[in-house]
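Visitor: This is the structure I want to talk about, given as structure tokens.
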Amino acid sequence: MIDAAFGLRYFGAIFAIMNPLVVLPLFLALTAGLTPADQRRAGLAVTFYSAVMCAAVAIGGAAILTFFGIGIEDFRVAGGLVLAGIALSMLNGTGNPVHEGAPGETTAAPDPAVTAFYPLTFPMVVGPGTITTLLVFAHEAGTVAERVTFWAVTAAMLALLGLVL
């Protein structure tokens with residue numbers, strides 16, 4: 001009931017974009033003043049918020065695009081351009097505030113609950129790249145096996161995020 005080829009392609013794509021190991025240094029910087037227990041709670045909050053956002057995008061994203069007259073192929077091209085821009089800036093050694101957080105976002109915020117959602121969940125974990133990847137692969141998942149694989153890989157990625165944070 002699992003489509004291994006689809007799952008491997010999707011896991012590779014979503015891991016490259018949502019990579020918890022890249023989010024970890026920013027998470028640690030933003031939660032540096034918290035106790036270990038509060039850091040764990042913040043990590044669980046980021047994972048929960050990310051799960052809710054991923055589910056909302058995967059379930060309702062295509063309908064929202066259709067409402068605005070945007071086709072999935074148009075979104076695929078636009079998302080590819082965004083990812084190409086991020087990749088080019090990484091090759092040049094410059095950061096992208098959409099992917100790394102702007103300087104004001106990387107300073108410690110007073111409320112860990114707020115920090116867990118913004119900037120950690122959105123736009124760091126579930127940013128433009130993650131949204132594009134979720135929408136494209138949710139659209140590609142046409143068979144029952146592919147849909148089950150899509151949700152299993154998404155859940156595994158979120159579990160990995162929770163474990164790392």
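Visitor: Within region 65-83, is even one residue under 30 Å from residue 163 (Cα atoms), surrounded by 12 or more Cβ atoms within 10 Å (Cβ to Cβ) and in contact with a Leu (Cβ under 7 Å, 6 or more places away or on another chain)?
Guide: no
Visitor: While we're here: Quick one: would you say residue 129 is open to solvent by less than 40 Å² (accessible area, probe 1.4 Å), at pLDDT 80 or above and either among the basic types (Lys, Arg) or within 21 Å of residue 154 (Cβ to Cβ) (or both)?
Guide: Answer is yes for this residue.
Visitor: Still on this model: Anything in region 1-57 that is over 17 Å from residue 135 (Cα atoms) and hydroxyl-bearing (Ser, Thr, Tyr)? List them, or say none.
Guide: Hits for region 1-57 are 31, 35, 47, 49.
The values are calculated or read from the model by the stated rules, or taken from the named source; none is laboratory data. Keep in mind that this is a model prediction, so the values were computed, not measured. All Cβ positions, glycine included, derive from the backbone under ideal geometry; neighbour counts span all protein chains shown. When the accessible area is computed, the model is the full protein with side chains, heavy atoms only, and any ligands, DNA or RNA have been set aside. Shrake-Rupley method; radii C 1.70, N 1.55, O 1.52, S 1.80 Å.
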